[in-house]
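The next block holds one structure in the form of structure tokens; read it before the comments.
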Amino acid sequence: MIRPQNAAEVVDAVSYARTQDVPLSVRSGGHGISGRSTNDGGVVVDMSRMNKVEVLDRATRRVRLEPGARWGDVAQTLAPYGLAMSSGDYGDVGVGGLATTAGVGYLARRHGLTIDHVVAVEIVTADGRLLRVDDEHHPDLFWAIRGAGGNFGVVTALELEAYEVDKVVYAQLVADATDTAGLLRRWGQLVEDAPRELTSFLSLFPGRRGNPPAAQVTLVYAGDDVEAAQSALSPFLGIGPILDQQAQLVPYPAIVVPPGNQHRGQGLKDTRSGLLHHVTPQAADLMENMIHSGDVMIMQLRSVGGAVNDVARDATAYPHREQNFSVLAATVPDRRPQLDKLWAELYPYLDGLYLSFESDTDPARLLDAWPEPTLGRLRAIKASYDPDNVFNRNFPIPPAEPVD
Ligand SMILES: Cc1cc2nc3c(=O)[nH]c(=O)nc-3n(C[C@H](O)[C@H](O)[C@H](O)COP(=O)(O)OP(=O)(O)OC[C@H]3O[C@@H](n4cnc5c(N)ncnc54)[C@H](O)[C@@H]3O)c2cc1C
């Protein structure tokens, strides 16, 4: 394992790795699903020492993040400036992996994905060059990094435009999900009808020890207007029988589970991911089958839509700009075949996937992550920046064949 402390050492690490005929993995926070940031007997470039978080300019809200920083630290550092950058629910997740794929966070419907705020990236490419890329410099590579970054090099820093966020309203509901399909349909419709200040994550758990299936719903209202928040949140009390509820006005960092606390990435690694336009009756029935089957340990639906869908499909290498929901199902290794069978029934209703939540390594998934023309464009960029496919651990994109 190599643990560089600066970009020059990353250049040395990539050059060294290329002299060895072994796998090369890049790790930032180590939260990648299915061990994609590690390998057996190969080289791991571990970016955890490069973890600085800086506010470059408060007036333009420009911040610089090193990839080894954790999102909980980012939230804590930006808060005193009245700034935030939505990332995800776990503060332990690393900047490097999340900011190069999408970043589906608690402020997504109001402020979009994390990658939508990236304005420049510093990256060491397969030939050992340290490049600073943005809309004007290597724009093709800059485009590719925002959605498929793991394929193109080792990111050593990112500059993002943060946004002004102070307090948010954070609510949690627990509901009896015996009527899973009905609850999902109602939740889905309410999310789509809600103002975009509201983003919601819903986790479903199967019934256990005589208890019915349960839904845990997180609702975040991006703003401190308590009255407006109340009217956006209260319809959700109608999703099903409510067993517990709470709501608080809190600073944004309080809702990102802090680094080092709880989850350290040893969760369920057998996951499937998909994106849905709407929670239709058919999709809701199939998700009910999954959670009632006993073969799926948890399902999570996250609202996207809103500001995520203001961005053009071809503006970044994350082309999923019409869907309103991300869906994830996870299980234990010995139930993987059952999960895949159930997922195959849902698949016709899905449109694409989020690669950070998908552990299936079938190359067919590449087209779900990057439907054409995105994949073709990525293959051409891969051929020019990584023709030998050095960075091949995370949804590996085959370089385009050279044209004579
Ligand atoms: C508990 C948990 C909660 C999560 N919650 C969310 C969420 O709310 N929203 C969301 O969008 N995602 C979420 N994720 C998914 C998460 O975004 C991805 O797993 C992400 O890859 C983790 O980033 P990392 O740096 O910790 O990963 P790592 O395991 O370090 O890296 C994963 C992969 O990312 C690439 N990568 C990492 N660092 C670099 C770099 N410096 N340069 C280039 N490529 C790099 C590599 O291909 C690497 O294999 C969650 C994951 C977990 C385990």
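The values are calculated or read from the model by the stated rules, or taken from the named source; none is laboratory data. Here the structure is a predicted model, which is why all the values come from computation and not from measurement. A quick note on method: Cβ atoms are made from the backbone with ideal geometry, for glycine too, and the neighbour counts reach across all protein chains shown. Side chains are part of the model used for accessible areas, which takes the heavy atoms of the whole protein and leaves out ligands, DNA and RNA. Shrake-Rupley method; radii C 1.70, N 1.55, O 1.52, S 1.80 Å.
A crude spin-label estimate for the pair GLN282 and THR178, with each label 7 Å from Cα along the Cβ direction, gives 2.9 nm. FRET efficiency for the pair SER15 and ASP388, taken as 1/(1 + (r/R0)^6) with r the Cβ-Cβ distance and R0 = 22 Å, rounds to 0.95. Net length available on complete extension from ASN6 to ALA344 is 117.2 nm, with 0.36 nm assigned per residue and the Cα-Cα distance removed.
Taking amide hydrogens as placed 1.01 Å from N in the peptide plane, the amide H of PHE325 sits under 5 Å from those of LEU276, VAL304, each at least 5 positions away in sequence or on another chain.
Give the carbon-plus-sulfur fraction of the accessible surface of the chain in %, rounded to a whole number; probe 1.4 Å, heavy atoms of protein chains only. Walk me through the numbers before you get to the answer.
On the way: 7820 of 16470 Å².
Its accessible area is 47 percent carbon and sulfur atoms.
Determine the relative contact order of the chain: mean sequence separation of Cα pairs under 8 Å and six or more apart, normalised by residue count, in whole percent.
Computed over the chain, the figure is 18 percent.
VAL256: net charge of surrounding residues, Cβ under 12 Å, Lys/Arg +1, Asp/Glu -1, itself excluded?
Details: positive: ARG70; negative: ASP73, ASP89, ASP92.
Counting the neighbours of VAL256, the net charge comes to -2.
Using only Cα atoms, tell me the angle between helix 139-148 and the longest principal axis of the chain; keep it within 0 to 90° and round to the nearest 10. The answer is roughly 40 degrees.
Modelled this way, with points 7 Å down the Cα-to-C-beta line, the labels at ASP40 and ASP134 are 4.5 nm from one another. Counting only alpha carbon atoms, the long axis of helix 180-193 and the longest principal axis of the chain meet at about 70°.
Which of rounded, prolate, oblate describes the range 167-357, given a ≥ b ≥ c as roots of the alpha-carbon gyration tensor eigenvalues and a/c under 1.5 marking rounded, otherwise prolate only if a/b is larger than b/c? If you can, show how the numbers build up before the last one.
Working: a/c = 1.44, a/b = 1.21, b/c = 1.19.
Because its axes are fairly even, with a/c under 1.5, the range 167-357 counts as rounded.
Axis of helix 336-346 versus longest Cα principal axis of the chain: the two differ by about 70°, to the nearest ten degrees. Looking at the range 49-161, the accessible area is 30 square angstrom per residue; that uses a 1.4 Å probe and ignores ligands, DNA and RNA.
Computed over the chain, the convex hull of the alpha-carbon atoms projects to a mean area of 19.4 nm². Counting only residues at least eight positions apart within a chain, or on another chain, the aspartates and glutamates with an alpha carbon under 18 Å from that of LYS269 are ASP40, ASP89, ASP92, ASP295, ASP334, ASP340, GLU358, ASP360, ASP362.
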